Every structure is written in structure tokens, then in C-alpha cells.
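Here is the structure we will look at.
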Amino acid sequence: MAPVLMVSSVLLLVLMQSGALCARRFRGGRNPQPRRSPPPPTYRADRGDTTESFPLDFTAVEENMDNFMTQVKNLAQSLYPCSAQKLDYDMKLNFLENTSVTCNDGSPAGYYLKESRGSRRWLIFLEGGWYCFNKENCDSRYETMRRLMSSSKWPQTKTGTGILSPLPEENPHWWNANMVFIPYCSSDVWSGATAKTEQSGYAFMGSLIIQEVVKDLLNKGLDNAKVLLLAGSSAGGTGVLLNVDHVAELLEELGHTGIQVRGLSDSGWFLDNKQYHCTDCVDAVSCAPTETIKRGIKYWGGVVPERCRQAHEGEEWNCFFGYRVFPSIKSPVFVVQWLFDEAQLTVDNIQLTGQPVQEGQWRYIENLGIELRNTLKDVPAMFAPACLSHEVITRNYWIDVQVKGTSLPRALHCWDRSLHDNRNNKAPPKGCPVHLIDSCPWPHCNPTCPTIRDQFTGQEMNVIQFLMHMGFDVQKMAKQQGMDPSKLLGMLSSGS
């Protein structure tokens, strides 16, 4: 068996290298929009051995050589020849076997799945999309955003991007995992466990949908998993914080104690801070963050982690805010959070509509960055760039953003390695950081931030143009920092 394994391994490596070349061509065709030149990919350059660029999963080889050879055959068929290949990269729609667990309108809930036979790593992604918290604004949401409340018009397939991409060039460490995308159709921040009633008019079953998906996947190979990463963005990122321990406990109850459950929360670490100015509580965008959740948790019949519920009994709404729920979470969680999150600024009533911000707004934005840094300082594994944006892990530019020279895929890979080493009583790998937070104080002071465009002209703006556009006073800021204005401009230009 050993000679066959060696030949198979070499063949697989060769296929991966040719696959990367093919992927570049196909990725360019799939993402025709303009894109800035990425910074040097440090997650590859700073490693001594090149094979880790395409981590191979040999866990099934010892027990099932036929399965491994099938994996090689499938790769060969999909990667050769590049010019004529028909790639089956899409995730396919499956509805839940338990038909009593539904979307808001009673239509069946479900998930998209792309299996990677032979891999024992699974990634389950929770979609985001705000929420509604009473009959009136849920009715409005149903009229304007029905896709987020009903499965009636879901497509049969979905193409994964970012960390859900099957292309090693776009997703260097998770491309070969079993990919699962759960569409958001419960409008409850993935917390509800309530059937449709005459009073509410809608079902709120976000938490139950996650549990039923996990149960269904056990019959599709999840029972043999080594690692399950529950990931999500925005409301899905908050959903990860609320559900990651529930998933771990469910698998343990069902007898699958060998599966390591982890969480990846992207842009779901919201603050329960005071708004810049208060407005009437009409919908999720205009209401203060605490007020919407207080109303919503009652309307949804929201479920929160038990340890957090006990810590905030009678005020369970606290558990929807990252820094309050995080200390109670037992599963390992990696937090990804922009320091100047657009969704946070929206609910705080800072409207960045293309007009220069007022001095009071500017101070508020700066303070938001400070507050977020303070809430993240005790999170052991996190990635927090000083950018004005929202969501990142499913964006095609997610590999480009860096904090202190380390990219997000590289940081996640370091986190994976550290968890593996901890389980095996090994020292954590050197030069592999997992706690990364920008120290520069202003939005987009990190030169690897996503491109900002002028809302009126569509033109790309560099850091200085963007800050000037927002009303940044170079003279005043330089004085506050105790430096010459020209030196400050130079630092901003170089990204330092």
C-alpha cells in the first residue's frame, strides 16, 4: 500500500499545482469586476515548506484506499484539460427531512451542500441579513426581502466564494472541506425556536434550523468528521456566538464525541452602545441595538446559551452582544471584526452618505474604534483591521486584507495549528499569530482595507482621499498627535 500511497500523493500534488493555474483563469472569468492589486501573500511566503499551501486530507487513506483513489480520480477529471473542463463547484440545495422546522412563512427550511469525499473537515456557514422584531416590520420585510423569509424562490445551486470557495487560489486552507451554506430565512439572528402562531404570523426557528441541518448531515458524512467549523457573517456571525456550544452539545448527545466543534464569527460582534442621536424605533436599522433585541427576543422566543442565560437572567438580550456572551462560550471561537463596522455605524445613526462628516460624528467614529478594541483585547483568537466595511470571509478579497503583515487565511491556519498542537500537548507554532488587531486610529488607515469608491463618481479613493472626503482635518489631527502635518500625510500614504 505504501508505494501506491506515495504515487497517489505525488499525483495529487501535481494536480493541485495545475489546478491552481486553471483556477486563476476561471476565477478571472467569474469575478470580472475591477480589483486592486493584492499585497504579497504572506501566508505562503513566510513558510518554509511549500506543501502546506495546499493542505491535503489523508485521514481516510489508511482505512479506505478506494475512497482516496476516487478523490484523485475526481480531481483529475475536474482539472484536466483546463480549456474544456466543466467544473462542478456548486453547492446543491437540500430541504430538511424534518418538515416541521420552517422558514418564517412556513415554507421548508434547507441548506446547500458540496461534499468533498475523503475530507473529514466540514464548514457550515450561516448567512446574515438583519432581522425584524414585530408583526409590522416583519410584514414589510416579507414584501421587500422575501428571500430572507421564504424558500419559495431559492435557486437549486449556489457557488461558494471566499472561505466557501473550492478554489485553492481563493481559499488556500479550506478549499477541500465539505461546504454547507444555510440560507437565512428566520429573521431572528438564528436564535428562534417558535412555530408560527396567529399572533406573530410567522415562525421563528433559526436555532432549530441549525440543529436539524446538523442532524441531516450526519447521514451524509458528518458522522465521520474530525473538525466542524460553524461560521457566519453579520447576523450569521452573531448566530455563531449563540449556537456554537449548542451544536457541540447536540453532537455529544448523539454520541459523536470525536468531532471538534469550532466557531468563526465575522462582523457579528456588535456593541450595545448609545446611538449618535436617537430616533423613533421603527425598524432594525433605525432602532438602538439594545431596543431591537429586547423586543425581538420576546417576539422570536429567542434561545441563548445556557451559561449566558444564567449570567444575565431576566436580561437575556445581553447575550446577543459579542463581548457579553463570549466569556460564557466553551467552544474555541475565532472573531473577525472590522473596527469601523458599517452596520454598527448604521444602527448608531451615523449616515455616511457621501457628505463630509461633522466633527462630532468624526469623534464618535474614532471612539467606536477604541470601544471595539477594548472589547476584543481579551479574545485570544481574532482579526480586527481598522477598516470601514461589513462582512469579509465570503468576499473574494478576503485573502488580501492584512493586519501587521498577516492575512486572514494565514491567521485562521495558525489558529487551526495552535488548536491541533494544544490537543497534542505541543508548543504553539512560532511566527504564527492569532491575535491581530490594528493600532492605527482612523477608518481605512490600514492600506490593505477593501477599496472605497466615491458614491457619486464611482472612482476609487486612496486612504488620504477617503479621509479628506469624510472631513478629516490633517492640521488638527497632526497637532493632536504632536507631529508635523506633512509627516502625518506621509504616514497615511505609506500605510504606517
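Given the protein chains as shown and a 1.4 Å probe, how many square angstrom of residue 228 are accessible, to the nearest 10?
Using a 1.4 Å probe on the heavy atoms, I get roughly 0 Å².
Let's test the formula: R0 of 45 Å, r as the Cβ-Cβ distance of residue 196 and residue 358. What FRET efficiency results, to the nearest 0.05? Spell out each step's value before the answer.
On the way: r = 45 Å, r/R0 = 1.00.
Working from the Cβ atoms, E equals 0.50.
Using a probe radius of 1.4 Å on heavy atoms only, what accessible surface per residue do you get for segment 334-404? Whole Å² is fine. Numbers along the way, then the final one.
Numbers: 2400 Å² over 71 residues.
Here the residues of segment 334-404 average 34 Å² of exposed surface.
For residue 99 and residue 313, what does the FRET efficiency come to when R0 = 35 Å and r is the distance between their Cβ atoms, rounded to the nearest 0.05?
0.50
Give the calculated FRET efficiency between residue 281 and residue 422 to the nearest 0.05, with a Förster radius of 51 Å applied to their Cβ-Cβ distance.
Working: r = 45 Å, r/R0 = 0.88.
Calculated value: 0.70.
In whole Hz and in residue order, list the ³J(HN,Hα) couplings for segment 247-256 that follow from phi through the Karplus curve 6.51 cos²θ - 1.76 cosθ + 1.60, θ = phi - 60°; x for Gly and Pro.
5, 4, 5, 4, 5, 5, 4, 7, x, 9
On a full-extension model of 0.36 nm per residue, what is the gain between residue 346 and residue 140, subtracting their alpha-carbon distance, rounded to one decimal in nm?
Numbers: separation 206, 0.36 × 206 = 74.16 nm, distance 1.91 nm.
Stretched out fully, the residue 346 to residue 140 stretch lengthens by 72.2 nm.
With a 1.4 Å probe and every protein chain kept in, tell me what percent of the accessible surface of segment 87-225 is carbon plus sulfur. Walk me through the numbers on the way to the answer.
On the way: 2290 of 5040 Å².
C and S fraction of accessible area: 45 percent.
Loop-only check: which trypsin sites (Lys or Arg not before Pro) in segment 91-194 are DSSP coil with at most 14 other Cβ within 10 angstrom? Spell out each step's value before the answer.
Values: sites: 92, 114, 117, 120, 121, 135, 141, 146, 147, 153, 158; in loops: 117, 120, 153.
Here the sparse-neighbourhood loop sites are 117, 153.
Compute the Rg to Rh ratio over segment 357-407 from the alpha carbon atoms, using the Kirkwood formula for Rh, and round to two decimal places.
Numbers: Rg = 13.1 Å, Rh = 12.8 Å.
That ratio equals 1.02.
Whole angstrom only: what separates the Cα centroid of segment 123-148 from the Cα centroid of segment 412-434?
38 Å
Only sites in a loop by DSSP and with at most 15 other Cβ atoms within 10 Å count here; which trypsin sites (Lys or Arg not before Pro) in segment 340-432 make the cut?
Details: sites: 363, 373, 377, 395, 404, 410, 417, 423, 426, 430; in loops: 377, 395, 404, 426, 430.
Of the trypsin sites (Lys or Arg not before Pro), the ones in loops of segment 340-432 whose Cβ has at most 15 other Cβ atoms within 10 Å are 377, 404, 426, 430.
Rg to Rh for segment 99-237: what is it, with Cα atoms only and Rh by Kirkwood?
Details: Rg = 15.5 Å, Rh = 15.5 Å.
Taking Rg over the Kirkwood Rh, I get 1.00.
Spelling out what I want: for every residue of segment 296-303, take phi, set θ = phi - 60°, compute 6.51 cos²θ - 1.76 cosθ + 1.60 (Karplus), and round to whole Hz; glycine and proline get x.
After applying 6.51 cos²θ - 1.76 cosθ + 1.60, I find x, 4, 6, 5, 7, x, x, 10 Hz.
Computing the accessible area with a 1.4 Å probe over protein heavy atoms, can you report the carbon and sulfur percentage for segment 373-454? Before the final figure, lay out the partial values.
On the way: 1570 of 3190 Å².
Carbon with sulfur: 49 percent of the solvent-accessible area.
On a 1.4 Å probe surface of the protein chains, which of 140, 439, 418 comes out largest in accessible area, and what is the full order?
Working: 140 65, 439 95, 418 20 Å².
These residues rank, largest area first, as 439, 140, 418.
So if I place +1 on the C-beta of Lys and Arg and -1 on the C-beta of Asp and Glu, and nothing else carries charge, what would the dipole magnitude of segment 224-317 be about its Cα centre? I want it in debye, nearest 20. Don't skip to the answer; put the middle values down first.
On the way: 8 positive and 13 negative charges, 32 e Å.
The dipole magnitude comes to about 160 debye.
State the answer as a single residue: which of 381, 323, 288 lies farthest towards the positive end of the charge dipole of segment 285-419, with beta carbon charges of +1 for Lys and Arg and -1 for Asp and Glu, about the Cα centre.
Of the options given, the answer is 381.
Express in Å², to the nearest 10, the accessible area of residue 338 obtained by rolling a 1.4 Å probe over the protein heavy atoms while all chains stay in place.
Number for this one is 10 Å².
Hey, rough spin-label estimate for residue 377 and residue 451, points 7 angstrom out along Cα→Cβ, what's it come to in nanometres?
In this crude label model, residue 377 to residue 451 measures out at 3.7 nm.
Between residue 92 and residue 117, with labels modelled 7 Å along Cα→Cβ, what's the label distance in nm to one decimal, could you check?
1.2 nm
The values are calculated or read from the model by the stated rules, or taken from the named source; none is laboratory data. From a predicted model like this one, the values you see are computed outputs, not experimental measurements. Neighbour counts run over all protein chains shown; Cβ positions are idealised from the backbone, glycine included. For accessibility, only protein heavy atoms count, side chains too; no ligands or nucleic acids. Shrake-Rupley method; radii C 1.70, N 1.55, O 1.52, S 1.80 Å.
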